[in-house]
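Everything on this sheet refers to the single structure shown next.
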Amino acid sequence: MKPKKPVTVKEPIDFATSTMDILGLEKEAYQASVKKLNDLQAQDLAKYAREEARNVLETHVFEFRDKLTNEDVEKLSTEAERTKITEALNKASEWLDEEGFDATEEVLKKKLNELKELSTDLRLRIKEVEERPKAIASILQSLNLTSTFVDSMKNLPDAKEIYSEKDFTEIEKIYTTTKNWLNTNWKKHNESDHTKKPVFLSKDIVYEQNKLDRELVYLINKAKYYVPKPKPKTNETKADSNSTKSDKGKSKS
């Protein structure tokens with residue numbers, strides 16, 4: 001008996017559709033929403049900038065007030081100068097807790113600039129105490145290196161071919177000038193009043209060292225990239241060559 005074939009039954013189904021999506025905003029409503037979002041973002045940025053400016057001002061007040069009690073800083077300033085700066089810092093601290101509590105970013109930055117301007121000279125002296133020793137050590141190293149190199153370059157086998165007399169004169173002149181400048185200004189600094197503007201600045205030391213280093217690097221590169229000239233053949237070499245050819249001719253015969 002054969003299996004029955006499956007029968008497909010189709011029936012119509014009635015259904016209805018409806019759009020559930022959000023309707024688009026009108027142009028005015030859209031622009032109002034964008035403006036509101038931009039205003040909120042601007043408020044957040046302004047709040048962050050104000051808090052950042054306040055933190056920077058507070059940090060300067062507390063750190064510099066502590067710095068003024070440091071023994072090394074006391075050697076770089078007069079009592080009158082420290083008193084004047086301390087009073088300004090104390091007033092700024094009180095102002096931050098009172099009328100300056102809700103100050104704007106611009107007002108906070110202005111207050112910070114006023115305090116920094118009052119301590120500009122002292123901050124320079126403090127910075128130089130930290131930077132000058134490193135600059136002096138660096139230029140002394142350059143002077144020692146230059147002195148050693150000049151002695152070595154004179155003893156090179158091809159020194160007269162690599163360097164001209166002017167090269168030797170220039171490096172020795174710059175070396176002597178730099179060394180004298182350093183000793184003169186170092187002495188002036190040691191004899192000066194350290195509560196006054198420094199007479200021996202680290203940036204000047206770096207400038208003088210760079211002049212010496214440039215000349216030294218120039219001479220080092222001359223030796224580095226020097227290509228020896230090919231040596232001409234001597235008469236003796238030619239004679240030996242002719243003699244060899246003659247000997248070969250005899251041996252063949």
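Laboratory data are not the source of any read-out in this text; all were calculated from the coordinates shown. Keep in mind that what you see is a predicted model, and the values were worked out from it rather than measured. When we count neighbours, we look across all protein chains shown, and the Cβ atoms used for this are built from the backbone with ideal geometry, even at glycine.
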(message) Just to check I understand the Karplus step: with θ = phi - 60° and J = 6.51 cos²θ - 1.76 cosθ + 1.60, what whole-Hz values come out for the range 56-63, glycine and proline as x?
(response) 5, 5, 4, 4, 4, 4, 6, 5
(request) Decide, for the range 9-71, between rounded, prolate and oblate: order the square roots of the alpha carbon gyration tensor eigenvalues as a ≥ b ≥ c, take rounded if a/c falls under 1.5, and otherwise choose prolate if a/b is larger than b/c, else oblate. (result) oblate
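Please state the charge dipole magnitude for the chain, taken about the Cα centre, from unit charges on C-beta atoms (+1 on K and R, -1 on D and E), reported in debye and rounded to the nearest 20. Walk me through the numbers on the way to the answer.
Numbers: 47 positive and 47 negative charges, 560 e Å.
Roughly 2700 debye, rounded to the nearest 20.
With a cut-off of 8 Å between alpha carbons and a minimum separation of six or more residues, what is the relative contact order of the chain in percent? Provide the component values of the computation, followed by the final result.
Numbers: 106 pairs, mean separation 49.8, N = 253.
Contact order relative to length: 20 percent.
Please give the contour-minus-distance gain from Ser93 to Glu131: 0.36 nm per residue of separation, less the Cα-Cα distance, rounded to one decimal in nm.
10.7 nm
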(message) I'd like the Karplus ³J(HN,Hα) series for the range 215-226: coefficients 6.51, -1.76, 1.60, θ = phi - 60°, whole numbers in Hz, and an x wherever there's a Gly or Pro.
(response) 5, 5, 4, 4, 6, 5, 5, 4, 6, 5, 9, 6
(request) Mind checking the range 134-210 for trypsin sites (Lys or Arg not before Pro) that DSSP puts in a loop (not H, G, I, E or B) and that have at most 15 other Cβ atoms within 10 Å? (result) Lys196
(message) At most 15 other C-beta atoms within 10 Å and a DSSP loop state: those are the exposed chymotrypsin sites (Phe, Trp or Tyr not before Pro) I care about. Give me the longest piece of the chain that has none.
(response) 102-224
(request) Could you go through the range 142-153 in sequence order and give the Karplus-derived ³J(HN,Hα) for each residue, using 6.51 cos²θ - 1.76 cosθ + 1.60 with θ = phi - 60°, rounded to whole Hz, and x for Gly and Pro? (result) 5, 5, 5, 5, 5, 4, 5, 5, 4, 5, 6, 5
(message) What does the extension gain come out to for Thr177 and Asp14, with contour length at 0.36 nm per residue minus their alpha carbon separation?
(response) 48.2 nm
(request) Write down Rg/Rh for the chain, rounded to two decimals, with Rg from the C-alpha atoms and Rh from the Kirkwood relation over Cα pairs. (result) 1.48
(request) Give the residue from Ile139, Thr177, Val129 lying farthest towards the positive end of the charge dipole for the range 122-224; charges sit on Cβ (+1 for Lys and Arg, -1 for Asp and Glu) and the dipole is referred to the Cα centre. (result) Val129
